[in-house]
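Heads up: the structure comes next, in structure tokens.
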Amino acid sequence: MTKDALYFYRFYRSPLGQEVMRVLKPKIMEYVKPSHKTLCLGYGFDYDDGASFFHAPLEHMGVLQQHGQSHRVALVDEQRFPFQDDAFDQCLLIHALEHTSSQKKFLREVWRVLRPGGHLVLVVPNRRGLWARFDNNPFGHGQPYTKDQALGLLESCLFHFLSHKRALFHPPVSPLGKSFEYAENFFYWIFAKFSGAIVIDAEKQVYCPLIKGKRQTVMQVGLVGD
């Protein structure tokens, strides 16, 4: 079942949501350049880094103005954005891709509004993680992905993978308070590949990707009788 914006709003203002935000935000901001024009799709939490964000909830999420006066908010159709081609330097997807009805059509629309060489920062729930198995958090709703599944989808939509980070290694339990960061570091060494979320940095590709696989023999043209 798809959640609306009010669900995300309440979660990220709960004690557990605040802890999730403290873990995810630094990893996201390592990829997002504050000086660039940014489109945030889905439900992004508050940013106070001076970035020029245009926050656009998807069609099913509804509009919720909670980013302050410096952020512009709009309701958009997930397959037909009201923006011109090459309008943004970077795009941030949080709680977006896993809730779309057609992932490829959605990503191709993201590709369209990014400038050549623009960056896509994608946050998705990890299929192998504990957070995707519990419905007490946003990562337990929608379509989860493994790293390879997410990269394969991006490649098919003309995005070139650059780097990735993992976050939320501890179980999605009640708030841990000051021990939250210690638990995150502790579980990292045990469950490195079982994080709750995967943060991916990819680049818009404007040329035809190379076809992987065996090299085919090319027939040479020659005269009959040669």
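Data table
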{"read-out": "Residue match in segment 112-121 (condition: assigned to a loop (DSSP other than H, G, I, E, B) and more than 12 Å from the chain's Cα centre (by Cα))", "value": "no"}
{"read-out": "Index of the failed condition, Glu109 passing every other in (1) part of a helix (DSSP H, G or I); (2) acidic (Asp, Glu); (3) open to solvent by 60 Å² or more (accessible area, probe 1.4 Å)", "value": "(3)"}
{"read-out": "Residue check for Lys33: on the phi < 0 side of the Ramachandran plot, open to solvent by 20 Å² or more (accessible area, probe 1.4 Å), assigned to a helix (DSSP H, G or I) and modelled with pLDDT of 65 or more", "value": "no"}
{"read-out": "Test result for Gln103, at pLDDT 90 or above and out of contact with any strand residue (DSSP E or B) (no Cβ under 7 Å at 6 or more places or on another chain)", "value": "yes"}
{"read-out": "Complete set of residues in segment 155-173 that are at negative phi and buried (at least 19 other Cβ atoms within 10 Å of the Cβ)", "value": "Cys157, Phe159, Arg166, Ala167, Phe169, His170, Pro172"}
{"read-out": "Neighbours by Cβ (under 9 Å, 6+ apart or cross-chain): first from segment 1-27, under 14 Å from Trp131 (Cβ atoms); second acidic (Asp, Glu) and open to solvent by 70 Å² or more (accessible area, probe 1.4 Å)", "value": "Glu19/Glu181; Val23/Glu181"}
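So that you can scan it fast, the table gives a plain yes or no per residue for (1) modelled with pLDDT under 80; (2) closer than 24 Å to His164 by Cα; (3) not acidic (Asp, Glu):
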| residue | (1), (2), (3) |
| --- | --- |
| Arg22 | no, yes, yes |
| Lys25 | no, yes, yes |
| Ile28 | no, yes, yes |
| Thr38 | no, yes, yes |
| Leu41 | no, yes, yes |
| Asp46 | yes, yes, no |
| Leu64 | yes, no, yes |
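The values are calculated or read from the model by the stated rules, or taken from the named source; none is laboratory data. Since this is a predicted model, take the numbers as computed values, not measurements. Reconstructed Cβ throughout: ideal geometry from the backbone, glycine too, with neighbour counts over all protein chains shown. Accessible surface is based on the protein model in full, side chains and every heavy atom, while ligands, DNA and RNA are left aside. Shrake-Rupley method; radii C 1.70, N 1.55, O 1.52, S 1.80 Å.
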